[in-house]
Each structure stands twice: as C-alpha cells, then as structure tokens.
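The values are calculated or read from the model by the stated rules, or taken from the named source; none is laboratory data. Remember, predicted model here, so these are calculated numbers, not experimental data. Cβ atoms come from the backbone with ideal geometry, glycine included; neighbour counts cover every protein chain shown. For the accessible areas, the whole protein counts, side chains as well, though only heavy atoms, and no ligand, DNA or RNA atoms are used. Shrake-Rupley method; radii C 1.70, N 1.55, O 1.52, S 1.80 Å.
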Amino acid sequence: MIKFVFLSGLVILFIVLTVRTVHFSRTSPPVQECKATDSDFIPLSDVMLSRFQRALSIKTVSKDVGDYDREELEKFKNFIVEKFPRLHSSPLVEWEVVNNYSLLYSIKGSNPGLKPFLLMSHLDVVPATNIEEWDAPPFSGDVVDGFIYGRGALDVKQCVMGILEAVEYLLSKNIKPVRSFYVAFGHDEEVHGMDGAQMLANRLKEKGISELEFVSDEGLPVTEGLVPGVKKPVASLGVSEKGQVILKLSVEDAPGHSSMPPKESTIGILARAVDRLESTPHPSMMGYGVEKDMMEQLAPEMNIAQRMIFANIWLFRPLISWFMSTKPTTNAMIRTVTAVTMFNAGVKNNIIPPLAEAVVNHRIHPSQTVQEVVDYDRAVIADSRVKIEVLSGFEPHPVAGYSDTDFGYQVLKTSIRQVWPQAVVVPGIMMGNTDTRFYLNFTTNVYRFSPTYMLPGDPQRFHGINERLSVKNYEQVINFYYHLIRNSEQAGVSPAHQDHADL
C-alpha cells in the first residue's frame, strides 16, 4: 500500500511538472523593429562617429574621492557645449553646470501634466592599465576592424554621447516632446559620485522637482551567448541594485615575545573568524527576489530539461541554488556575497602582535538588510573576542516595478525590443553600484540598462584591457535613446513604435 501511494505520488508529480513545463510560456505584444528605412531611424554619420572618438580621447580619469582630472573634465564639458549647438541654444532647453563639471539639462515638453523622467550617465572613466596590451591606445578612439577602442567605450561615454546625439537630433527636426525630461551627467561616478550626482540631485530639489516618472541609468547590457541554455540575446533590465556594507574585524590582546607564544594569537583568532565567514556563505535567496522572475521568464527559451527545472523553481530551488553557487557570477545573483579585501597584523618578526584587523566587503542581496548581514556574521564568527565595526554601508535599492502595467519598465522594454527585436527582456539585479542611489527620493522606478551588445569575452573589457564598442552598436545606442525619449511621451498606455510627425 505504501509503495502504491509513493508511486502514485511520483506519477502525479511528474504530470504536474510536465504540464507546467509544456504550458510555461511568455508572450510580449509585438513591436515594430527600428529599421534603417524608417523615418525616425538615425543613421550614424561620420560627424557623429568622430564626436564619439573625440569624447573617448579626453582623459576624464577618476582615481579616488575628490581625485579626478579637472582639466580634462573642463575640456570634455566645453567639447559637449561646442559640438551640440542646438541642445545648448534651443528655447526648449535649460542647462547648467553643477559643481564645476557636472551637466544638468531640462527639456520642456508640451504637456506639463505628465511627470518628467530622467536620463543619467557619467563623464568620468577609470584609469587605463596594461597599455602595451591594448590593440589600440586606450585614449585614442581609434577604429580597428569595426570596433571603436577607448576607455569609456563601454563605461559609459557611449551612453553620454548617445543621449546627446538623440536629443540633438530631436531638436534638429523641430520636434517638441510631449513629456518633459531631464538629462544629468555626473563627473565622479567612478569614485562614489558625491561631487557629481549627489550635487545634481540636490539641484533638482532646489528647482522644485519632487517626483519623476522613472529614471534610466547605466546598467546591465544586451548579451548573446552568455546565458547558458538560451540562444537568443538576453537584455537584462536592472530593477534593483545590491547594497553594501564594509566591516572591520579586529582582535586585540597584550603583545608578547615569540619565544613564549600564547595558545591563540590575535592573528590566529582573526584567521579562524575569516575562515568561518568564507566557509559559511550567506543563505541563498533564490526564490525570494527578482532572480526568480528573471529565470522564469527565460525558461521558455531553454531546452526541455532546463525549462522543466526553471519552470518549477518551487521544487528545484535547492538544485538551482547549488548550481548557481558554483560560479562567482551567478552566485552573486542569489545571495549576499562576502569578500575579504584586507588583512593587517604584526609589527616585528619576533613580537606576538597586539592587534589583528581584516576588512570584509559584503554586497547585499535586495532581500536582506545591512543589519541582517551584520547579525549573520556575528552569529557565524561566534567569538566575542572578535570586534565587528561597520565602516560604511547602504541598504539595497528598492525594487522598481516590472509588471505589464509599470510604465517605465514597459517603455524601456519596448525601446530595447525595437532596436534588438530578437532579444528576451527580463528583470535583473545590478551587482555593482551606480549613481542612482542619489535619485531614489524622486521615484522607486529606477532602471539600470546600458544599450551595449556583448558577446563572450566582452565583460572582461569593463575596466580592463581593450575596452571597445562596435560601430554598429554605437548607432544602436543612439537609436535606443531616441526611441526611449519618443516612447516616453505617452501617458499610461503601452508605447508603440510609430513614425512621428514634426510638432
């Protein structure tokens, strides 16, 4: 009898899994592809390409908080003002320089009843290293085999220049947008953004702006061949951002001579604490956050075996968590991660050190809080001799809406699919941190997406060697931002591709 019940249960479970797998699908309303023959397609001209190349040649390098190349930032600012004359002279546009180098634009729409939106990016880049290994000089903007090389080609001068080209084109056609919008370019995002984005956000408040429809900033790209089991391009739209807490662990004791060592040294005690943190990772949050919906929306594009697993996360959650935990890139999607970044102890080779310190950097999953992370670490270490001090930290960002009725998400999704019609658009989590934290008081609908097309091997180019963008992709960047602006004009309805008459 027991055997019969067990077998019956297995049969029923198999039927449930099969039915869910077969019927598990996703549909999106059709959109019309942005084609070169469309009247609202922006072809990449030699002038546009040369402007981007020149932007990449300007060394707007940030090294540390307050340590950025002011002369080069001034040069970039003047370049933008000179090369985009309509943007800086149109009666529809108000613009200003904030805190010497950041730029803020207000483009006035015809319907003041619609909440404005914000397009963001940043002017600075990280330093270039291993210069001798680059295929083209990192601040040249040279085109080699159809790719434009330069620090900032991916992070993120392509977005800065793409937004500028899209708005300049809009104004050149005498088109007055329906919905007002803002453009904000900070100058120190790579070193935490306090002088740039924070000041820009404060300036928006001073101007009386209290609410935005949505915010679009740099973020996750369009990828091909990077998501296992999915053949189509995948466009991940970052609807949240991990938080961060940096902890200092310390152990103090009386110093002594190495000839008469105590049973446990400060280094030994601290080393065991660090080992516990690394060997006891924070729990998997798979099934509790955005990653669940991301996987379920990708499932219809997978083969039958993978689809069965990801269409039934309720059953296979432990298996999925185990598999995703095996690689750093996917492990970071499902949990708060732990990185021991510094370890300091000792003053002389024959003295038992009186103090041992370590720094631990946690990137916090949106389902957890800073306090929960600290409490977990304290419980895992389970040693009162180890002091835990919070050096800095901020909570994960709120999760932006990504349903069929969330206007900002649908506008971005539609704009992505117009430029990349084969792409599967899914919600995602931004692993790193952006300037968007300074704008969370204006809206929770903050989206992080870079219109950059990436193949295997390309992610390593971020902050790395041979940063580059294809010429074709740069044309797509410009058209993405133009369509995003035009699609955002609608009020509370699903945006649709159409040829727009001059207003």
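Considering every residue within the stretch 45-56, establish whether at least one is of a type in the set (Val, Ile, Thr) and either over 30 Å from residue 211 (Cβ atoms) or at pLDDT below 95 (or both).
Pass one, the stretch 45-56, residues of a type in the set (Val, Ile, Thr): 47.
Add one more test, that the residue is either over 30 Å from residue 211 (Cβ atoms) or at pLDDT below 95 (or both), and what stays is 47.
The answer is yes, given that some residue of the stretch 45-56 is of a type in the set (Val, Ile, Thr) and either over 30 Å from residue 211 (Cβ atoms) or at pLDDT below 95 (or both).
Only one of 373, 380 is outside any loop (DSSP other than H, G, I, E, B), under 26 Å from residue 446 (Cβ atoms) and of a type in the set (Val, Ile, Thr). Can you tell me which? Spell out how you get there, then give the answer.
Values: 380 fails: under 26 Å from residue 446 (Cβ atoms).
After ruling out the rest, the residue left standing is 373.
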*So how many residues does the stretch 333-357 have that are farther than 20 Å from residue 385 by Cβ and either surrounded by fewer than 18 Cβ atoms within 10 Å (Cβ to Cβ) or more than 27 Å from the chain's Cα centre (by Cα) (or both)?*
5
_Scan the stretch 240-254 and tell me whether some residue there is open to solvent by 10 Å² or more (accessible area, probe 1.4 Å), more than 30 Å from residue 121 (Cα to Cα) and either in contact with a Cys (Cβ under 9 Å, 6 or more places away or on another chain) or in a loop (DSSP other than H, G, I, E, B) (or both)._
yes
*Scan the stretch 197-204 and give yes if some residue there is buried (at least 24 other Cβ atoms within 10 Å of the Cβ), under 27 Å from residue 423 (Cβ atoms) and touching a His at 6+ places or on another chain (Cβ under 9 Å), otherwise no.*
no
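Residue-wise test of (1) of a type outside the set (S, T, N, Q); (2) out of contact with any Gly (no Cβ under 6 Å at 6 or more places or on another chain).
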site: 136; (1), (2): yes, yes
site: 153; (1), (2): yes, yes
site: 160; (1), (2): yes, yes
site: 167; (1), (2): yes, yes
site: 172; (1), (2): no, yes
site: 178; (1), (2): yes, no
site: 184; (1), (2): yes, yes
site: 192; (1), (2): yes, yes
*asked:* Show the residue pairs meeting these rules: Cβ distance below 6 Å; 6+ apart or different chains; first residue within the stretch 262-281 and in contact (Cβ under 8 Å) with a residue 60 or more places away in the chain; second residue open to solvent by 40 Å² or more (accessible area, probe 1.4 Å) and of a type in the set (A, V, I, L, M, F, W, C).
replied: 267/345; 274/340
*Run residue 86 past the list (1) in contact with an Asp or Glu (Cβ under 9 Å, 6 or more places away or on another chain); (2) crowded, with 19+ Cβ neighbours inside 10 Å and report the number of the one that doesn't hold.*
(2)
*asked:* Given the condition modelled with pLDDT of 95 or more, surrounded by 12 or more Cβ atoms within 10 Å (Cβ to Cβ) and in contact with a helix residue (DSSP H, G or I) (Cβ under 6 Å, 6 or more places away or on another chain), answer yes or no: does some residue in the stretch 22-43 qualify?
replied: yes
*Find the residue count for the stretch 255-281, including only residues that are surrounded by fewer than 14 Cβ atoms within 10 Å (Cβ to Cβ), of a type in the set (Ser, Thr, Tyr) and not in a helix (DSSP H, G or I).*
2
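Just to check your reading of the model, which residue among 250, 259, 265 is of a type in the set (Gly, Ala, Ser) and at pLDDT 95 or above?
Numbers: 259 fails: at pLDDT 95 or above; 265 fails: at pLDDT 95 or above.
Answer to the check: 250.
In this structure, does residue 432 turn out to be in a loop (DSSP other than H, G, I, E, B) and modelled with pLDDT under 95? Working first, answer last.
Working: in a loop (DSSP other than H, G, I, E, B): yes; modelled with pLDDT under 95: yes.
For residue 432, the condition - in a loop (DSSP other than H, G, I, E, B) and modelled with pLDDT under 95 - is met.
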